[in-house]
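Inspection log for the structure reproduced underneath, given as structure tokens.
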Amino acid sequence: MLVLAGVTLATLLTDGLTPLLTTAYGQFLIGKVLIVAVLLLFAAANKWRLVPAFESGDATAPRRLQRSIALEVVLVVVILLITAVLTRVTSPNG
């Protein structure tokens, strides 16, 4: 639902699907929404696979969970950088 809301808002901000796909602003916005979707997938994997494996005593789980969380942090930084570009360099109307 969050990704669908992001795509809908992006379409409204750029006045349609074509500008969303053809402008720098639209492309950055699509990239941001896709990265958020990947971040949500990592969070789901952590919750449903890695944390239960960690709790059950799987010897590899702590390291896998640590790597997954580190990757999530990197994705959050990328999202913040894209947001900075969206607010400083490009605009929905040009």
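The values are calculated or read from the model by the stated rules, or taken from the named source; none is laboratory data. Nothing here was measured: the structure is a model prediction, and the numbers come from that model. To get the accessible areas, we keep the full protein, side chains included, count just its heavy atoms, and leave off ligands, DNA and RNA. Shrake-Rupley method; radii C 1.70, N 1.55, O 1.52, S 1.80 Å.
Quick one: with all protein chains in place, what share of the accessible area of the chain is carbon or sulfur, to the nearest percent (1.4 Å probe)?
Ligands and nucleic acids excluded, carbon and sulfur give 72 percent.
So what are the three principal axis dimensions of the stretch 1-41 from its Cα atoms, in whole Å, longest to shortest?
28, 17, 10
Tell me, what is the 1.4 Å probe accessible area of V76, in Å² to the nearest 10?
Counting only protein heavy atoms, the figure is 60 Å².
Taking the solvent-accessible surface of protein heavy atoms with a 1.4 Å probe, what is the per residue accessible area of the chain in Å²?
67
Mind checking the full-extension length gain between T60 and L80? Use 0.36 nm per residue of separation minus the Cα-Cα distance, one decimal, nm.
Taking T60 through L80 to full extension adds about 4.1 nm, to one decimal.
From the phi angles alone, apply the Karplus equation (6.51, -1.76, 1.60; θ = phi - 60°) to the stretch 53-61 and give each ³J(HN,Hα) in whole Hz, x where the residue is Gly or Pro.
Those phi angles translate into 5, 4, 5, 7, x, 4, 5, 8, 4 Hz.
Based solely on its DSSP helices, what 222 nm [θ] is calculated for the chain when runs of n ≥ 4 H residues each add -39,500 (n - 2.57) and the sum is averaged over all residues, nearest 500 deg cm²/dmol?
Calculated mean residue ellipticity at 222 nm is -25500 deg cm²/dmol.
Along its three principal axes, how long is the chain when you only count alpha carbons? Whole Å, largest extent first please.
53, 24, 15
For the chain, what relative contact order do you get, as a whole percent, if you take Cα pairs closer than 8 Å and at least 6 residues apart?
Worked out over the chain, it gives 35 percent.
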